[in-house]
1. Here are A:344, A:340: which of them is away from chain B (no Cβ under 14 Å), loosely packed, with under 13 Cβ neighbours inside 10 Å and part of a helix (DSSP H, G or I)?
2. Does at least one position in region B:302-322 carry a residue that is surrounded by fewer than 19 Cβ atoms within 10 Å (Cβ to Cβ), farther than 28 Å from residue B:84 by Cα, touching a residue at least 12 places away in the same chain (Cβ under 8 Å) and more than 7 Å from chain A (Cβ to nearest Cβ)?
3. Can you find, within region B:262-285, the residue that is surrounded by the fewest Cβ atoms within 10 Å (Cβ to Cβ) among those that are modelled with pLDDT of 90 or more and over 21 Å from residue B:114 (Cα atoms)?
4. Every residue in region B:378-407 that is under 21 Å from residue A:235 (Cβ atoms) and modelled with pLDDT of 90 or more, please.
5. Could you list, in sequence order, the residues of region A:69-88 that are part of a loop (DSSP other than H, G, I, E, B) and more than 14 Å from residue A:295 (Cα to Cα)?
6. Looking at region B:128-144, which of its residues are more than 10 Å from chain A (Cβ to nearest Cβ) and either within 13 Å of residue A:129 (Cα to Cα) or touching a helix residue (DSSP H, G or I) at 6+ places or on another chain (Cβ under 6 Å) (or both)?
7. Being part of a strand (DSSP E or B) and buried (at least 18 other Cβ atoms within 10 Å of the Cβ) is the filter here, so list the residues in region A:347-372 that pass it.
8. Just the residues that are within 23 Å of the chain's Cα centre (by Cα) and modelled with pLDDT under 80, please, taken from region B:286-334.
């Protein structure tokens with residue numbers, strides 16, 4: 001029997017229950033990496049469980065109840081008892097972070113919080129580890145998925161704020177009471193945490209200026225689109241002379257800005273520093289499984305010191321023939337029946353045509369086709385057959401197409 | 001005097017000399033984080049230095065000489081001597097990684113290699129730590145900056161491959177002998193390393209199928225643009241049934257693909273998994289300072305176990321008034337002199353107009369302006385003055401603009 005690593009869970013809402021499920025699913029892989037078998041020691045909710053008992057039986061506490069109290073007290077008790085803590089509680093850290101971090105240092109335990117900022121985007125780890133020694137100049141982020149969804153939909157459909165907010169609520173991208181998201185307060189808490197890490201300076205939520213998106217009109221977005229600008233709710237933390245500015249407000253971005261292409265309920269953070277130029281991390285904003293995955297990454301990190309690359313435990317065979325969609329470019333003689341013969345060769349190998357365009361005339365005639373996903377070997381055999389057709393003026397050219405139905 | 005941490009450096013080319021400089025610049029901050037003062041113990045180049053001596057006097061070896069031998073022997077000797085190693089050598093890892101990783105495990109030292117893949121993009125750390133317990137389905141990457149620059153320029157200018165390659169060489173984005181970049185071999189080595197980490201399966205460079213971009217014509221790119229497709233050199237590592245496919249080839253991407261917006265000499269990697277949906281990391285491809293920064297992050301990580309958030313060492317004051325560019329939307333009565341009076345109020349506060357558009361007529365008349373960067377306080381005072389003008393039909397509305405000259 002392997003040694004176990006006991007995880008005490010506080011909270012069993014969307015994220016808590018997703019975490020409990022993920023921990024069980026991935027226990028085998030975690031054991032392979034760490035040599036310890038993770039096990040859920042118990043769950044404390046508002047109505048069930050005794051904290052002292054749970055704490056005594058746990059090696060690490062995962063705090064997912066949110067809010068300030070009793071979360072703050074639970075976390076402090078755990079750190080003082082010498083247990084590692086993983087939390088996704090941005091309000092707690094933005095308001096009481098220094099107290100909690102000092103307690104963790106004093107008791108030589110880890111307090112990890114990747115899930116508190118930007119969902120699945122691993123910006124905390126990157127700031128604390130990859131860029132620990134970097135001189136950061138600016139951190140800019142889209143750190144609230146609800147508002148980014150609303151602004152993206154307003155731009156895409158031309159609909160007004162109220163209408164799109166109602167749609168976001170219907171789709172589950174906005175809460176029944178969306179105040180903290182749409183007024184910028186949620187983003188402000190996250191920017192306080194990012195600023196603290198990037199600039200190694202205490203930053204409290206009260207020091208972050210913020211504005212929300214409630215006053216944005218469809219007109220603003222439409223006129224700005226004509227100017228090549230897209231609207232985002234942007235959090236900024238930047239050095240200005242020898243000071244630090246931390247703020248959240250709607251902002252128009254030019255098309256070349258690294259955050260300009262972030263659409264829908266996504267989060268992204270760009271970090272700038274002279275040595276690295278810039279780095280952008282993006283992914284879905286907080287959702288149950290996404291935040292649970294960030295929390296699990298923290299739990300695994302707390303279980304082991306940074307090991308060298310572990311031995312491989314899989315032996316997946318390497319696959320040679322894969323399915324692809326293709327773009328196919330044929331220079332052909334301009335005469336009747338050409339397309340039919342090409343289509344027949346494709347059809348013989350089971351390759352189906354998605355779109356075809358005829359370009360040019362006479363000596364410059366060419367067919368440009370896009371075909372649906374098919375085994376590459378079949379497509380290549382069809383191309384070899386097409387290459388033999390007497391009306392081809394040169395070798396067929398083809399390039400793979402990665403389909404829109406990407407995820 | 002603080003205890004020192006001695007770093008032995010192998011190689012003193014572009015990356016090596018940038019690393020030596022960065023280590024000296026950041027030594028104070030590293031000492032604040034780790035409690036140890038990093039120091040360059042010595043530098044070994046082809047023509048200078050004795051390895052045995054350097055190794056004996058170092059706590060950690062940074063290998064930046066590249067190639068297989070003598071790099072392989074040096075790294076093995078260091079690991080066997082119980083020293084941590086940081087390397088940016090992708091060929092070494094793609095061909096001899098299992099031997100090196102096994103040696104590091106056996107001697108309980110770290111072998112870190114963030115700089116080997118994707119320049120500043122911290123994909124190694126994210127795969128090994130944040131996603132250590134994740135079940136990854138696919139890793140897709142633009143992992144060669146030279147080819148991404150060439151394809152971006154071909155798309156932007158309509159110029160041919162040879163012409164753009166010559167420009168890339170002139171700008172320093174392509175080597176004098178660009179073969180390994182343009183034929184896909186460089187990207188293949190990086191994808192072998194990423195596949196090994198993401199799928200926990202041994203992957204050797206020889207198992208990666210690759211094609212380059214030498215055969216791409218301006219025509220292909222132009223026709224595909226009409227279809228809404230953009231061309232990238234894409235590396236893919238994905239589960240297919242119970243196997244693994246690792247390959248590099250040119251591919252057209254639809255505009256919604258997370259890699260579609262990556263332009264110029266940039267790298268980006270998208271990781272997909274059911275729990276996280278997807279995550280994309282992007283930044284400049286390998287350059288001297290960028291790779292040196294990734295190497296430095298590895299050195300700092302090797303110096304300490306993952307600590308809790310260190311105490312803050314800075315006390316940056318919080319800046320309230322910042323400079324911004326603004327979009328300003330005014331609903332006005334449609335009569336002569338309106339623009340002049342608005343411009344006068346802006347001018348009084350030193351606010352200069354970048355562009356102005358008049359929209360609508362009569363009751364629907366409005367002015368939409370974009371103004372240059374100015375202190376926010378000055379702009380707000382100008383807006384207050386404009387709000388008092390008798391021809392205003394409603395409160396002025398304004399939104400910040402983040403300028404194109406972003407970095």
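1. Numbers: A:344 fails: loosely packed, with under 13 Cβ neighbours inside 10 Å.
A:340 is the lone residue from the list that is away from chain B (no Cβ under 14 Å), loosely packed, with under 13 Cβ neighbours inside 10 Å and part of a helix (DSSP H, G or I).
2. yes
3. Ranking the qualifying residues of region B:262-285, first place goes to B:264.
4. Narrowing region B:378-407 to residues under 21 Å from residue A:235 (Cβ atoms): B:379-380, B:398-407.
Listed by number, the residues that qualify are B:379, B:380.
5. Step one: filter region A:69-88 for residues part of a loop (DSSP other than H, G, I, E, B), giving A:69-70, A:81-83, A:88.
Hits for region A:69-88 are A:69, A:70, A:81, A:82, A:83.
6. Those that are more than 10 Å from chain A (Cβ to nearest Cβ) and either within 13 Å of residue A:129 (Cα to Cα) or touching a helix residue (DSSP H, G or I) at 6+ places or on another chain (Cβ under 6 Å) (or both): B:136, B:139, B:142, B:143, B:144.
7. Taking region A:347-372 first, the residues part of a strand (DSSP E or B) are A:353-359, A:366-372.
Result: A:366, A:367, A:368, A:369, A:370, A:371.
8. Taking region B:286-334 as the starting set, the residues that turn out to be within 23 Å of the chain's Cα centre (by Cα) are B:286-302.
B:286, B:287, listed by residue number.
The values are calculated or read from the model by the stated rules, or taken from the named source; none is laboratory data. Model, not experiment: these values are computed from the prediction. Neighbour counts are summed over all protein chains in view; Cβ atoms, including those assigned to glycine, are modelled from backbone coordinates with ideal geometry.
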